[in-house]
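Reading through the structure tokens given below for one structure.
Bear in mind these aren't lab numbers, they're just calculated from the coordinates by the rules spelled out. None of these values were measured; they are calculated from a predicted model. Note: ideal-geometry Cβ built from the backbone for every residue, glycine included; neighbour counts use all protein chains shown.
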Amino acid sequence: MKIQGAAPGRLLTALSAHSCVFPASVAFPDNQGMTSRLPFIQPEYAPSWHAELHLGFALDGERTVLRENRHRGPLRVQKALYPEGDAVCQAIVLHPPSGIAGGDHLAISAELGVGTHAQLTTPGAGKWYRSGGAEASQRISFTVAAGATLEWLPQETIVFDGARARMETHVSLAADSRYIGWDILCLGRAAAGERFETGRFDLFLRIDRDQRPIWIERGGFDGSDPMLSSPAGWADATVCGTLLCAFPELPAQASALLEACRQTCPADGAQHGLSALPGVLIARYLGDNSEAARLWFVELWKTLRPASLGRPAVIPRIWNT
């Protein structure tokens with residue numbers, strides 16, 4: 001059977017995505033009050049996906065629970081996990097199609113209630129496929145209430161040659177909330193010898209604390225843009241990573257934390273740097289090895305997590321699969 005208008009592989013991924021939808025009546029022992037889904041209104045044979053995921057975390061005694069889990073289209077969190085006990089709720093964000101094609105639009109939002117601690121990660125690398133002309137986008141919005149903590153630790157993002165992609169992230173912190181997050185961006189598929197020679201990529205990242213910006217970053221370039229080879233830009237590198245850590249006590253601890261973090265460096269010897277502003281500590285990687293970038297960020301996280309979040313680092317098991 002042939003379905004007109006279906007992009008290659010879309011029907012299979014649509015069926016696998018649909019099979020992950022749980023009926024509203026299914027009970028989750030860890031989160032009894034959790035809802036399951038928004039109305040699924042897009043035909044499963046559509047050539048592009050418009051997907052949404054909204055998560056809401058709340059305290060139930062000393063336990064952080066995933067109180068809301070609403071989705072539409074192929075974005076999921078199947079179950080809340082507790083690898084560190086009740087205080088930290090881990091959620092693995094799944095995108096069953098495994099890649100974002102031209103015309104796809106993903107929206108992910110999370111609201112962390114007072115005193116909660118959520119750790120969000122992904123099971124594998126995100127991929128932005130070559131587009132025939134339509135732009136694809138991913139918009140992320142996180143709201144972290146008083147005394148709450150958010151860790152956003154996705155695996156790397158690979159931008160294929162010819163992709164037309166836009167990534168926007170907005171993190172809103174309360175006066176005393178805490179945040180650690182990173183992004184690792186790979187231009188082209190290095191293993192296949194591919195470079196980002198055509199297409200377009202745009203990035204916007206903003207972190208606010210108490211409704212005031214503490215970090216704003218905006219960038220954009222076309223394939224083969226001169227800035228990709230310029231020493232003032234990517235300097236012919238193919239992988240760029242940014243780690244950001246924000247917590248109320250940072251100004252008093254910045255000097256000691258920077259010294260501790262500088263004891264480690266990327267295993268591949270790539271260009272890197274660490275600095276601290278009044279509201280945020282920043283680590284940058286610029287090289288050609290996404291694994292080296294991720295492993296360096298993990299080592300930094302092992303140092304930063306106890307200091308900023310008051311908890312030792314526990315490696316998510318999904319990273320080892």
- Item | All-pairs alpha carbon distance profile, the stretch 49-143, 5 Å steps from 0, percent | 3, 13, 23, 22, 16, 10, 7, 4, 2, 0, 0
- Item | Equivalent-ellipsoid semi-axes of the stretch 219-260, from the Cα gyration tensor, Å, largest first | 33, 12, 8
- Item | Amide N of the stretch 120-162 lying under 18 Å from the label point, which is placed 7 angstrom from the Cα of Val114 along Cα→Cβ | 143-150
- Task: Output ³J(HN,Hα) for the stretch 82-87: one whole-Hz value per residue in order, computed from phi by the Karplus curve 6.51 cos²θ - 1.76 cosθ + 1.60 with θ = phi - 60°, and x for Gly and Pro.
- Result: 9, x, 10, x, 5, 5
- Query: How far apart, in nm, are two points set 7 Å out from the Cα along the Cα-to-Cβ line at Leu258 and at Arg70?
  - Reply: 4.4
- Note on the structure: Out of Asp288, Asp225, Asp161, a Gaussian network model of the chain with alpha-carbon springs under 10 Å gives the largest mean-square fluctuation to Asp225
- Query: Regarding the stretch 149-281, what whole-number volume in Å³ per residue does the convex hull of its Cα atoms give?
  - Reply: 117
- Note on the structure: Residues whose modelled amide H sits under 5 Å from the amide H of Ala107, counting only those 5 or more places away in sequence or on another chain, are Ala51, Glu52, Leu53, Arg139
- Potential lengthening between Tyr82 and Asp268 on full extension [0.36 nm per residue; Cα-Cα distance subtracted]: 63.6 nm
- Residues Phe196, Phe221, Phe201, sorted so that the one with the fewest Cβ neighbours within 10 Å comes first: Phe221, Phe201, Phe196
- Note the listed values [x] 5, 23, 26, 19, 13, 7, 5, 2, 0; [y] 6, 26, 34, 25, 9, 1, 0; [z] 6, 20, 19, 13, 12, 12, 11, 5, 1, 0, then indicate which one is P(r) over Cα pairs in 10 Å bins from 0, in percent calculated from this particular structure. [y]
- Helix-derived [θ] at 222 nm for the chain: sum -39500 (n - 2.57) over DSSP H runs of at least 4, divide by residue count, nearest 500? -4500 deg cm²/dmol
